[in-house]
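One structure is given here, and the rest of the page talks about it.
The values are calculated or read from the model by the stated rules, or taken from the named source; none is laboratory data. All of these numbers come straight from a predicted model, not from anything done at the bench. Note that we place each Cβ from the backbone using ideal geometry, even for glycine, and neighbour counts take in every protein chain shown.
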Amino acid sequence: MTESALSLSDQTPMADCRPCPHRDRLDQARCQPGDRCVRVQSGRQIDRFFRYNPDLAPFYRHDPFWEMRAITARYLPQHLLFELLDDPDETVRRAVAARVPLEGLLQLLNDEDREVRITVADRLPPEQLEKMATDSDYMVRNYVARRLPKGRLFRMIYDKDRLVRQTVAERLPEVTLGLMADDPEPEVRRIVAERIDPESAVMMLNDEDWVVRFYAARRVPLSALPPLLRDEEPDVVAVAQARLEANEDVVIKKN
């Protein structure tokens, strides 16, 4: 054996198979010391063991080792996942949230761990998502804003976090976008200006942010463009001028 192979062997956790209650599976190649084994504190080996032996996962669902419980949650029959809803370790509860049926998922709506609640928000049926629209964490609310039916996004227009409102502005039906034209953050108003209907875009031509005016100038009716030829920002003037000149060319060609 080479020196590098010996070094690797020294670092790999190895269990004694003699007292193992599953040693009969060794002959079936369903376990292998150093590779797939449930008797060492190695997440990689434990996961590989249950991949080959998912029928044994229920016997380890209350194991003292948190990683053992988190891994078994990936392989447990769904009805047994309910027993781990109140597990003291958040990693275990995250694994449970990824697989538990809806009635269990609803019990995790107010879990103290943000990642657990994000997993819930990612899996809840859209019609149940409004229950999380006022979650205390902006990342959870952002997941809600990504998945909530567009017709129900209205309640999140005034969310206190900019990222959430940006997501809302990206998905809100065009007919409602005007309600976000005065958002306090230019990043949000820029999204609105890119999507809003041409007639409503006119009210954004005087926005203090030149990028908002630039996007609005690309959408407004031609009749609203002449004042922009005096805009202090050259790029806004350029887009207004280009649209007006293009229209003149069309008129000349028609005549």
Do you know which of the residues in the stretch 1-16 that are assigned to a loop (DSSP other than H, G, I, E, B) and over 20 Å from Ile71 (Cβ atoms) is modelled with the highest pLDDT? Asp16
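Can you tell me how many residues within the stretch 176-200 are outside any helix (DSSP H, G or I), crowded, with 18+ Cβ neighbours inside 10 Å and not charged (D, E, K, R)?
Step one: list which residues in the stretch 176-200 are outside any helix (DSSP H, G or I), which gives 181-185, 196-197.
Imposing the further condition that a residue be crowded, with 18+ Cβ neighbours inside 10 Å reduces the set to 181, 183, 196.
If we keep only those that are not charged (D, E, K, R) as well, we get 181, 196.
Total satisfying the criteria: 2.
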Just to be sure I understand, how many residues within the stretch 148-161 are among the charged types (D, E, K, R) and either crowded, with 16+ Cβ neighbours inside 10 Å or in a loop (DSSP other than H, G, I, E, B) (or both)? 3
The one condition in (1) closer than 30 Å to Glu185 by Cα; (2) surrounded by fewer than 15 Cβ atoms within 10 Å (Cβ to Cβ); (3) in contact with a helix residue (DSSP H, G or I) (Cβ under 7 Å, 6 or more places away or on another chain) that Ser136 fails to fulfil: (3)
Going through the stretch 25-42 in order, the residues found to be closer than 22 Å to Trp66 by Cα and touching a Cys at 6+ places or on another chain (Cβ under 9 Å) are Cys31, Pro33, Cys37, Val38, Arg39
Do the conditions hold for Arg141, that is, is it of a type in the set (D, E, K, R) and touching a Pro at 6+ places or on another chain (Cβ under 6 Å)? no
The stretch 40-53 residues that are touching a residue at least 12 places away in the same chain (Cβ under 8 Å) and small (Gly, Ala, Ser), paired with ones that are in a helix (DSSP H, G or I) and surrounded by 18 or more Cβ atoms within 10 Å (Cβ to Cβ) (beta carbon under 8 Å, 6 or more apart): Gly43/Ile71
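Identify all residues within the stretch 89-120 that are of a type in the set (D, E, K, R) and crowded, with 23+ Cβ neighbours inside 10 Å; write none if there are none.
Within the stretch 89-120, the subset of a type in the set (D, E, K, R) is 89-90, 93-94, 99, 103, 111-115, 117.
Correct list: Arg93, Arg117.
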Output the residues belonging to the stretch 210-223 that are in a helix (DSSP H, G or I) and crowded, with 21+ Cβ neighbours inside 10 Å. Val212, Arg213, Phe214, Tyr215, Ala216, Ala217
Scanning the stretch 239-255 for residues that are among the polar types (S, T, N, Q) and either under 18 Å from Arg219 (Cα atoms) or at pLDDT 70 or above (or both) gives Gln241, Asn247
I need the full set of residues from the stretch 38-48 which are touching a helix residue (DSSP H, G or I) at 6+ places or on another chain (Cβ under 8 Å), under 15 Å from Cys20 (Cα atoms) and surrounded by 14 or more Cβ atoms within 10 Å (Cβ to Cβ), in order please. Val38, Val40, Ile46
I'm trying to understand the selection: among the residues of the stretch 123-161, which are acidic (Asp, Glu), more than 16 Å from Met180 (Cβ to Cβ) and either touching a Leu at 6+ places or on another chain (Cβ under 8 Å) or at pLDDT 95 or above (or both)? Glu130, Asp135, Asp137
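Every residue, every condition in (1) aromatic (Phe, Trp, Tyr); (2) under 29 Å from Leu85 (Cα atoms); (3) in contact with a Ser or Thr (Cβ under 9 Å, 6 or more places away or on another chain); (4) in a loop (DSSP other than H, G, I, E, B), yes or no:
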residue: Leu105; (1), (2), (3), (4): no, yes, yes, no
residue: Leu108; (1), (2), (3), (4): no, yes, yes, yes
residue: Thr119; (1), (2), (3), (4): no, yes, no, no
residue: Glu130; (1), (2), (3), (4): no, yes, no, no
residue: Arg165; (1), (2), (3), (4): no, no, no, no
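Of the residues Met139, Met203, which is in contact (Cβ under 8 Å) with a residue 24 or more places away in the chain, part of a helix (DSSP H, G or I) and over 23 Å from Ala217 (Cβ atoms)? Before the answer, list the steps.
Working: Met203 fails: over 23 Å from Ala217 (Cβ atoms).
Every option except Met139 fails the conditions.
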Criterion first (buried (at least 16 other Cβ atoms within 10 Å of the Cβ) and within 26 Å of Met132 (Cα to Cα)) does Asp207 satisfy it? no
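To keep it simple, each residue is scored yes or no on (1) in contact (Cβ under 8 Å) with a residue 24 or more places away in the chain; (2) over 24 Å from Asp137 (Cβ atoms); (3) more than 23 Å from the chain's Cα centre (by Cα).
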residue	(1), (2), (3)
Val168	no, no, no
Thr176	no, yes, yes
Val188	yes, no, no
Trp210	yes, yes, yes
Glu232	no, yes, yes
Ala240	no, yes, yes
